[in-house]
Structure formats: structure tokens, C-alpha cells
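So the structure is just underneath, and the comments pick up after that.
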Amino acid sequence: MITPSARRAHLERQTRETRIAVDVDVDGTGIAEISTGIGFLDHLWDAVARHGLFDLRIKAEGDLHVDSHHTAEDVAILLGRAFDQALGDRRGIVRIAHAYAPLDEALALAVVDVSGRGHGEVDAPITEPMLGSLDSDLVRHMLVSFAVEARLTLHARVLAGQNGHHRAEALYKAFARALDAATRRDERLGNSVPSTKGTLT
């Protein structure tokens, strides 16, 4: 049961391609326990946990003998749904925020609106076809999948950088910081919903 004082969720999903369980605490301290079988995938969501101060536990088993796509996509889908559930009716949240994040020569920007409408626009070209054992196009695809399932609007862009690892990690750090800022409670709002419609659901 999700309450306004405990913004947590646990979800599980099993298909013929993957078996995944996630735990999310929006008001965490950055604890990350992530095991997907894909090292760079673990690394990206670990960065989200630590830089967004979310507690994330992800356990995934997938058809890695095929490739990394199903596992990475399904992790993002389930995480998005868990954030949506944990945020409840979204009363009292800041709602809209942005963040820049650098990593050496790389720089990224993310803008988040926890709007109740799922949409992602992510511009993150990476020239390397693979980052470890992760298909590099999944760096972009995971964020779009998360945004759709979390029912938030995300605009994100890599602004500079040559190294694919740096570009991807800067992007996820910016996303984490923007998501943290947008989901924080603003005491001035009290229990009200930050929308002219009166709802973000």
C-alpha cells in the first residue's frame, strides 16, 4: 500500500523473455542493489539511484543469449511503472525540473515534467555500437520507455562529448537529478496538485 508518507513500490513481471522484480523508494538515500546480467545496464541505473537519491533494487533474468534488448527494455518498463505507483496522486510535488550533468568532456541536459502524460524525446547519439554488452541505442530507448510507463514528460539531450560511456552516464546523471528535483515535495503546495486541471493522474 502506497501512502503519501511512504512513496514506495514493489513490482514483478514475467514474460517468455524476462523475469524482473523491482523495488523503488522515491524518498531514499541512493541505495542501489542491481543485478541484470548486463554490466553497463547495472551501471546506468546505479547512477540514477545514487544521483537521484532513490533506493532501487532490480533483479532481472533475461534472454541474454539473444541480445540485451528485452532485458534492458523490460527493466525500464517495470521501473517506470513502479515510479508511477510510488508517486500516487502526485500531490504536493514540484512537478517540473531540469538538470545539467557533466562527465569529463561530456555534458547532458534533462527536463522532467511529472505531468501524468507519458512522453519521451531523447537525443543521445552514441557512435559505439555497444557499451560493454549493452546495445548503445538502448541508452535512449530505456529513458523513453521509462517516461511512457512513469507517465511523465522527458526531454533529454547529450550536448557534448566524444566517449560513449561518458555521454551515456552524463545523460543518466542529468535524468536522475531532474527526476529527483521534480518529484520532491514542496511544503508551499501542501496537499494540492500542481496542475490547473486539479489532477496529474
Taking the range 67-87 and the residues there that are in contact with a Leu (Cβ under 8 Å, 6 or more places away or on another chain) and small (Gly, Ala, Ser), the one that is surrounded by the most Cβ atoms within 10 Å (Cβ to Cβ) would be Ala72
Note on Phe40: of the conditions (1) more than 19 Å from Leu179 (Cβ to Cβ); (2) without any contact (Cβ under 8 Å) to a residue 24 or more places away in the chain; (3) not in a loop (DSSP other than H, G, I, E, B), unmet is (2)
Of those in the range 56-96 that are outside any loop (DSSP other than H, G, I, E, B) and farther than 26 Å from Glu17 by Cα, the residue farthest from the chain's Cα centre (by Cα) is Ile93
Condition set in contact with a Lys or Arg (Cβ under 9 Å, 6 or more places away or on another chain) and part of a strand (DSSP E or B), scope the range 140-181, selection farthest from Arg117 (Cα to Cα): answer is Ala160
Checked the range 157-173 for anything closer than 17 Å to Leu131 by Cβ and of a type outside the set (D, E, K, R); matches are Val158, Gly161, Gln162, Asn163, Gly164, His165, His166, Ala168, Ala170, Leu171, Tyr172
### Query
Quick check: is even one residue across the range 54-66 surrounded by fewer than 21 Cβ atoms within 10 Å (Cβ to Cβ) and under 30 Å from Asn191 (Cβ atoms)?
yes
In the set Asp89, Asp123, Asp74, Asp135, the lone residue that is over 18 Å from Thr36 (Cα atoms) and either in contact (Cβ under 8 Å) with a residue 60 or more places away in the chain or among the small types (Gly, Ala, Ser) (or both) is Asp89
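Here is a yes/no grid of residues against (1) closer than 29 Å to Gly62 by Cβ; (2) at pLDDT 95 or above; (3) surrounded by fewer than 21 Cβ atoms within 10 Å (Cβ to Cβ); (4) touching a helix residue (DSSP H, G or I) at 6+ places or on another chain (Cβ under 8 Å):
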{"residue": "Ile93", "(1), (2), (3), (4)": "no, no, no, yes"}
{"residue": "His98", "(1), (2), (3), (4)": "no, yes, yes, yes"}
{"residue": "Gln162", "(1), (2), (3), (4)": "no, yes, yes, no"}
{"residue": "Leu171", "(1), (2), (3), (4)": "yes, yes, no, yes"}
{"residue": "Phe175", "(1), (2), (3), (4)": "yes, yes, no, yes"}
Output for Cβ contacts, cut-off 7 Å, separation at least six or different chains, first residue modelled with pLDDT of 95 or more in the range 1-15, second assigned to a loop (DSSP other than H, G, I, E, B) and among the β-branched types (Val, Ile, Thr), reads Arg7/Val26; Arg8/Ile2; Ala9/Ile2
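The values are calculated or read from the model by the stated rules, or taken from the named source; none is laboratory data. No experiment lies behind these values; they were computed from the predicted model shown. Neighbour counts are summed over all protein chains in view; Cβ atoms, including those assigned to glycine, are modelled from backbone coordinates with ideal geometry.
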